[in-house]
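Student: Sharing a structure with you now.
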Amino acid sequence: MTGYICISVPYVIGQLIPSRTETNAIQHSGLASELQSEWIEVQPDFAGIADPIVAVNRALAQTIAAHPGQVPLIFAADCVSALGAMKGLESYQPEVLWYDAHGDFNTPETTLSGFLGGMPLAMLVGRGDQRWMEGVGLKPIAESAITLTDARNLDPAEGEALANSQVRHLPRVSDLSQTDWPGKPLYIHLDIDVVNATEMPALAYPELSGPGVHDILTTLAQVRQRARIIGVLFSLYDGGRPGADVALQQTLRLARGAAGITNPE
């Protein structure tokens, strides 16, 4: 069995929000014991690092680096934690598989909302504001190393930027059945809002239609056969919203599927 380390990142854009209880719920579910893994919560140095986003992502990168040879399963309250995950896995020079109902490919120039959580994939390839990439010490990765799947809700200018990029965009998660990463290390970023809001309640940014949990589990099983997975980040539901108990169970199904201890049902 692959050795895993479970890492909790309960911060939203660098802030700890008391109502966001989802990482605690996953910890108390017993998942780490089921995986014969240790559960670790990151410890950002807010006193020594002025920018809280940088502090959180440096702490995540350091936690990953402190456990070489173990595959991190990261449970994060936002998608910006992808910066720390990629820094911690940087030595592998991984390719990226990004599941998301949104593109996360906005920049300050294309965004309609100004929401930083809609920009991390663009940051990773060197687009937009690079202060947090520089703060973490992460160099941009090639757009051609990224596969984005679903992203059914794109801002207009974001969609145009994505279409003109070298990012491989698969509009349906089922398209992953034809995708391969032969011999290459792969980081999976799984924003659980990729699952339709009917099956996955308690989402901060819910989207109707889209794939179900079974569909995601099927593709995870396929990807596990075609790639060497070196890390998975789950960008979570909001534990303070109605339906969080259902979202917890669905998230645990996805985590087990990513770890290969359950098959699509």
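Bear in mind that the values in this text are calculations on the coordinates, not laboratory data. Every value quoted in this text rests on a predicted model; they were computed, and no experiment measured them. Please note: Cβ atoms are built from the backbone with ideal geometry, for glycine as well, and neighbour counts cover all protein chains shown.
Student: When the helices in the chain are scored as -39500 (n - 2.57) per DSSP H run of 4 or longer and the sum is shared across all residues, what 222 nm value do you end up with, to the nearest 500 deg cm²/dmol? Before the final figure, lay out the partial values.
Tutor: Working: 9 runs with 81 residues, N = 265.
Using -39500 (n - 2.57) per qualifying helix, the result is -8500 deg cm²/dmol.
Student: Something else now. With only alpha-carbon atoms counted, please give the Rg and Dmax of segment 71-118, in Å.
Tutor: Calculated on Cα positions, Rg and Dmax stand at 12.4, 36 Å.
Student: Taking the number of other C-beta atoms within 10 Å as the exposure measure, put Phe75, Phe46 in order starting with the fewest. Let's see the in-between values first.
Tutor: Details: Phe75 26, Phe46 14.
Going from sparsest to densest Cβ surroundings: Phe46, Phe75.
Student: Continuing with this model, one more query. Sequence gap at least 6, Cα distance under 8 Å: using those rules, report the relative contact order of the chain to the nearest whole percent. Intermediate values should be presented prior to the final figure.
Tutor: Working: 541 pairs, mean separation 55.2, N = 265.
Reported as a whole number, the value is 21 percent.
Student: Enter the Cα centre distance for the pair segment 31-56 and segment 87-155, rounded to the nearest angstrom.
Tutor: 21
Student: Using only alpha carbon pairs under 8 Å that are at least six residues apart, calculate the relative contact order of segment 203-265 and give it in whole percent. Could you put the intermediate results ahead of the total?
Tutor: Details: 38 pairs, mean separation 32.4, N = 63.
This gives 51 percent for segment 203-265.
Student: Okay, moving on. Which whole number of Å³ per residue matches the convex hull of the alpha-carbon atoms in segment 1-120? If you can, show how the numbers build up before the last one.
Tutor: Numbers: hull volume 16.2 nm³, N = 120.
Spelled out: Cα convex hull of segment 1-120, divided by residues, is 135 Å³.
Student: Provide the percentage of antiparallel DSSP beta bridges, counting only those with both residues in segment 1-148; round to the nearest 5. If you can, show how the numbers build up before the last one.
Tutor: On the way: 2 of 15 bridges.
The antiparallel fraction comes to roughly 15 percent.
Student: Compute the Cα gyration tensor for segment 4-259, then decide on rounded, prolate or oblate, letting a ≥ b ≥ c be the square roots of its eigenvalues: rounded whenever a/c is under 1.5, prolate when a/b is larger than b/c in the other cases, and oblate in all that remain.
Tutor: Working: a/c = 1.16, a/b = 1.04, b/c = 1.12.
Since a/c stays below 1.5, the shape of segment 4-259 is classed as rounded.
Student: Please find the FRET efficiency linking Glu199 to Ala47, where r is the Cβ-Cβ separation and R0 is fixed at 41 Å, and quote it to the nearest 0.05.
Tutor: On the way: r = 41 Å, r/R0 = 1.01.
So the FRET efficiency works out to roughly 0.50.
Student: Hey, what's the per residue convex hull volume over the C-alpha atoms of segment 118-168, in cubic angstrom?
Tutor: Working: hull volume 3.9 nm³, N = 51.
Enclosed volume per residue, from the Cα hull, is 76 Å³.
Student: Of all beta bridges DSSP finds with both residues in segment 108-265, what is the antiparallel percent, to the nearest 5? Mind dumping the intermediate values first?
Tutor: On the way: 0 of 10 bridges.
Antiparallel: roughly 0 percent of the beta bridges in segment 108-265.
Student: With springs only between Cα atoms under 10 Å apart, run a GNM on the chain and tell me which of Pro68, Pro201, Pro211 wobbles the most.
Tutor: Maximum among the listed residues: Pro68.
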